[in-house]
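Below is one structure, written out as structure tokens; the observations come after it.
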Amino acid sequence: MRHRVAGRKLSRETSHRRMLFRNQVTELLRYGKIVTTQAKAKEVRPLAEEMITLGKDGDLHSRRQASEFLTDRKVVKKLFDEIGPKYGNRNGGYTRIFKLGRRLGDGAPVARLELVEGE
């Protein structure tokens, strides 16, 4: 029974899955949108929202936490200089998931995860 077991394994070991999520959050913050499977998008979304919340805080501790998770220093700088202040008055809900249909190769459901427009 899977009672109280959260998250998807995505057929990967823990370290591979964690790095996948880190890379996808970094690319989402770099480009503003990514196209991936629905399962991955649903797993990445809360992590991205957490990073944006850290960007809104803007203090040194938040910057160190974000740089520990994200894989590129330029994206950390962008998070704290551009993305965080853009969502200053918004209480969550920084991303949205659009379902795009199914992938031709294997029929996997595909979605676009993107940042919503800031205030």
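The values are calculated or read from the model by the stated rules, or taken from the named source; none is laboratory data. The shown structure was predicted, so the numbers you read here are calculated from the model rather than taken from an experiment. Neighbour counts are summed over all protein chains in view; Cβ atoms, including those assigned to glycine, are modelled from backbone coordinates with ideal geometry. For accessibility, only protein heavy atoms count, side chains too; no ligands or nucleic acids. Shrake-Rupley method; radii C 1.70, N 1.55, O 1.52, S 1.80 Å.
Condition first: open to solvent by 80 Å² or more (accessible area, probe 1.4 Å) and either out of contact with any Pro (no Cβ under 8 Å at 6 or more places or on another chain) or of a type in the set (S, T, N, Q) (or both). Now tell me which residues in the stretch 87-99 satisfy that.
Matches in the stretch 87-99: Asn89, Asn91, Arg96, Phe98.
Before we move on, is Leu60 hydrophobic (A, V, I, L, M, F, W, C), open to solvent by 80 Å² or more (accessible area, probe 1.4 Å) and more than 16 Å from Val116 (Cβ to Cβ)?
Yes; evaluated as a whole, the condition is true for this residue.
Sort out which residues of the stretch 10-36 are open to solvent by 90 Å² or more (accessible area, probe 1.4 Å) and either among the small types (Gly, Ala, Ser) or at pLDDT below 95 (or both), and write them in order of number.
Ser11
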